[in-house]
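Here is the structure we will look at, set down as structure tokens.
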Amino acid sequence: MPTIAAIKQRFFPMLVTLLMVIVVRESCMVFNRAIGFESAGNIIGMVVMFILLMIWRFSKGLPTWLTDSTNIWLKDSGFAFLPITAGAGLLLFNLGDELLSMVAIMAISTLFPLWAIGHLAERWLNGRTLRQKSFSQKKQ
């Protein structure tokens with residue numbers, strides 16, 4: 001049986017992380033609504049959150065509670081997209097002759113960026129840069 005302290009230690013960081021995301025997103029939505037550009041609120045919120053996290057990372061370093069809680073949120077958030085995916089799948093079949101080209105476009109536009117980001121993340125996590133790889137190839 002987990003203790004109250006163990007529950008607080010696990011769920012408080014997750015709650016703070018969720019609160020951070022909601023506050024940044026909603027503040028960007030309010031800002032964009034005020035300037036009359038409401039449709040870009042989510043994208044602006046994502047960019048602002050990215051910039052804030054990068055500033056935090058390079059100035060103090062991200063705390064482990066934040067990385068652990070975001071990993072939990074990202075791992076378990078895939079189920080939130082199932083209803084949307086099912087609805088989009090049903091709408092795709094109304095495309096008729098354009099279905100195959102639309103599926104190809106969606107697959108390429110999803111898989112290529114994921115591959116590129118994964119490749120760059122692997123290099124970054126291993127501490128290598130593109131410049132270091134080219135130097136090591138020239139030495140061999």
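Each value in this text was obtained by applying a stated rule to the coordinates, not by laboratory testing. The structure presented is a predicted model; accordingly, all values stated were derived computationally and were not measured.
One table, with the values for the structure above:
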{"item": "Alpha-carbon centroid distance for the pair the stretch 1-55 / the stretch 94-117, whole angstrom", "result": "30"}
{"item": "Computed over the chain: relative contact order in percent, which uses C-alpha pairs under 8 Å that are six or more apart", "result": "17"}
{"item": "Estimated 222 nm signal from helices in the chain, with DSSP H stretches of n ≥ 4 weighted -39500 (n - 2.57), rounded to 500", "result": "-27000 deg cm²/dmol"}
